[in-house]
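Coordinate-derived values only; no laboratory data. None of these values were measured; they are calculated from a predicted model. Because the Cβ atoms are built from the backbone with ideal geometry, glycine has one as well, and the counts that use them run over all protein chains shown.
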Amino acid sequence: MAEQQHSHPSGIPHNHGGSFREVLEKMPPEPEFDKASGIFQQLCDSTRLRILWLLCHSEECVYNLSAAIGMSSPAVSHHLRTLKQTGLVSSRRDGKEVYYKLADTQEARLVHRMIDDVFEMNCPNNSIR
């Protein structure tokens, strides 16, 4: 005998009596997941993670970041561009020099906390936590 499927108004085929429908109603729209996925992708690259770690704790130019991680300036600039596009890093120009730092956003502060927790570091700037 074939099992009958009963569709509920929420589009969920089974009602198991839990709070799944309530959770589903609060689920962010798909574009928000796309944005979050972009942020998490930045953390999956060890070079970008090293750059983020440095920028969580200081503001710096491409040349110093390049020297610190042993990569060419164009390669570091490429990583900074992707970090900036996802809103994790911001920049400012001072004459010919461009300085980068962690952006002042909720997502960037969360990434900062995650990085510090992963590396079990106490940030010198305690106001972030």
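Just going by the charge dipole of the chain, with Lys and Arg at +1 and Asp and Glu at -1 on Cβ, which of Phe40, Val89, Leu65 is farthest out on the positive end?
Value: Leu65.
If we restrict to alpha carbons, what Rg and Dmax does region 8-74 come to, in Å?
20.8, 59
In region 16-129, how many lysine pairs have Cα atoms under 28 Å apart, counting only pairs 8 or more places apart or on different chains? Present the calculation step by step, with values, prior to reporting the outcome.
Numbers: Lys26/Lys35; Lys35/Lys84; Lys35/Lys101; Lys84/Lys96; Lys84/Lys101.
Going through region 16-129 pair by pair, I get 5.
Counting only residues 5 or more places away or on other chains, whose amide H sits under 5 Å from the amide H of Val89 once H atoms are built in the peptide plane?
Those qualifying (amide H under 5 Å, at least 5 residues apart or on another chain) are Lys84, Ala103.
Go ahead and run the numbers for FRET between Glu120 and Glu59, Cβ-Cβ distance against an R0 of 22 Å, rounding to 0.05. Spell out each step's value before the answer.
Numbers: r = 24 Å, r/R0 = 1.07.
It comes out at approximately 0.40.
How many nm separate the modelled label positions at Glu22 and Asp34, each set 7 Å beyond the Cα in the direction of the Cβ?
Here the modelled spin labels are 3.1 nm apart.
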